[in-house]
1. Tabulate in residue order the Karplus-calculated ³J(HN,Hα) for segment 5-12, using 6.51 cos²θ - 1.76 cosθ + 1.60 with θ = phi - 60°, rounded to whole Hz; enter x for Gly and Pro.
2. Could you sort Leu134, Leu22, Leu29 by their accessible area in this structure, using a 1.4 Å probe and putting the largest first?
3. So, by mean Cβ neighbours within 10 angstrom, what's the order for 85-93, 3-11 with the highest one leading?
Amino acid sequence: MNTKELQENIIHKIRRTNDDELLNNLNQLLSNEDDQKTNKLSEFEKNMLLERKADYLAERTIPNELQSNLYSKILSVTDEHQLSDLITAIDQSDSTIYYTSDEQKAKIKEGQEQIAKGNYFTNEQVEKEIDGWLSK
């Protein structure tokens, strides 16, 4: 992939994520080096970045501030190795995250306590009971 394709791939992945921890980690990875690089860009390059950022933001209804900030930083990175490393970091953390309500957390805790007290049935016990119901 060329630089532009890598940048677009990363931005696409950022658009899809709701993982604030991942976004903050990416922001930290890009902050040290890229804040200095962005300041060294010519006015023309800065304007080009703003236009490309606007194009990406137009496709998203409400970008959060962190994502908007990351778009600019990613678009200013031209090192393909660094962009590939960012894609790897995103892909490694791109796992399904389940969010639970307080009620669900309470039920999980209740179940764990029941297991700790030995108040549970084994799979074999349940299958035997079901077989008994079905044979009636």
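1. 5, 5, 4, 5, 4, 5, 5, 4
2. Largest to smallest exposure gives the sequence Leu134, Leu29, Leu22.
3. Result, highest mean first: 3-11, 85-93.
The values are calculated or read from the model by the stated rules, or taken from the named source; none is laboratory data. These figures come from a predicted structure and were not determined experimentally. Glycine also receives a Cβ, built like all others from the backbone with ideal geometry; neighbour counts cover every protein chain displayed. Remember, those area values only see protein heavy atoms, side chains included, never the ligands or the DNA or RNA. Shrake-Rupley method; radii C 1.70, N 1.55, O 1.52, S 1.80 Å.
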